[in-house]
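Below: one structure, written as structure tokens.
The values are calculated or read from the model by the stated rules, or taken from the named source; none is laboratory data. In this text the structure is predicted, and so the values were computed from the model without any measurement. Cβ sites come from the backbone with ideal geometry, for glycine too, and all protein chains shown count toward neighbours.
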């Protein structure tokens, strides 16, 4: 990747915007449990009393120590899985301190509360804290911002793995079809056309039913549906490249077909492949969100942007539309960022 290419890429405001959004999302995904306000595994801290609250909702909590010992997670474990809560969070409207106990008005609903008292030895070191839910809460009282941040891991992971699978299969078959031609080309293109004729979502449904519901199954299913675009593009590029002088020179020098394909042809067609990889990344995010929305993608309580829309879409017409719109906006921004990056790569490489 030369400096001229980078200059052209960073000259495009839309491509720079896409890169910034992608980098921010990647950093948030990697350090999700350190960035998210709710650091519990899957941001699954359920507080029913504050369910379905609008963005900016703020309330105080009494921190009541949980019975039993809580495992002290080290840095790597917290980075990957989060940190289990050592306290229960009891929402309150107000409190007062007595000599041997803390007396509070427990929040039950707007304008509804009950008196409750806590012995000091049952409370944490910092017994009362204030929390603000910047993006509100879902129907289970979980922090939407935290679940959005942790859910970004699913979207980026499915895109990354799907692109790796699609590039691996598509480049291999495309190189074989384009370089050797003849019966090899006809057989591979027949297979490509068969897969191409099956609707993407229908094919993903079938693979998901075979592989089962779950985290990794979705990634594999999405990846196995996206390689046909790559194979067709690579085949076309190789058909053109194999007639060029540097390939003829390599043949004349007695180089093997494998060396010619992987050392000479592939590096010279990698520009268009990068462009389609960015487009496939965006498509994979949308497919995963659709699968999760339909209930056959990532399973609860693991957060996924599509699953968050599924859980909260009925609130669009019942007073709190942001619970469903916020993950939808996140999907839109990330998909837009990858499409803008793909356009920037295309222009910088002058791919036709």
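Observations on the structure shown:
- Here segment 317-331 is the region considered, the condition is being more than 12 Å from the chain's Cα centre (by Cα) and assigned to a helix (DSSP H, G or I), and the residue that is surrounded by the fewest Cβ atoms within 10 Å (Cβ to Cβ) is 317.
- Taken over segment 290-316, the criterion of being touching a helix residue (DSSP H, G or I) at 6+ places or on another chain (Cβ under 7 Å), over 17 Å from residue 139 (Cα atoms) and assigned to a helix (DSSP H, G or I) is satisfied by 290, 291, 292.
- Residue within segment 52-60 that is touching a strand residue (DSSP E or B) at 6+ places or on another chain (Cβ under 6 Å), under 30 Å from residue 153 (Cα atoms) and not in a strand (DSSP E or B) present: yes
- Elements of type strands (runs of 3 or more DSSP E) contained in segment 73-127, each with 1 or more residues being in contact with a helix residue (DSSP H, G or I) (Cβ under 6 Å, 6 or more places away or on another chain): 87-97, 101-109
- Among the conditions (1) in contact with a helix residue (DSSP H, G or I) (Cβ under 9 Å, 6 or more places away or on another chain); (2) within 20 Å of residue 26 (Cβ to Cβ), the only one that residue 332 does not satisfy is (1).
- Selected residue (criterion: nearest to the chain's Cα centre (by Cα)) from residues of segment 230-259 that are modelled with pLDDT of 90 or more and either crowded, with 18+ Cβ neighbours inside 10 Å or not assigned by TED's automatic domain parsing to the domain that holds residue 184 (or both): 230
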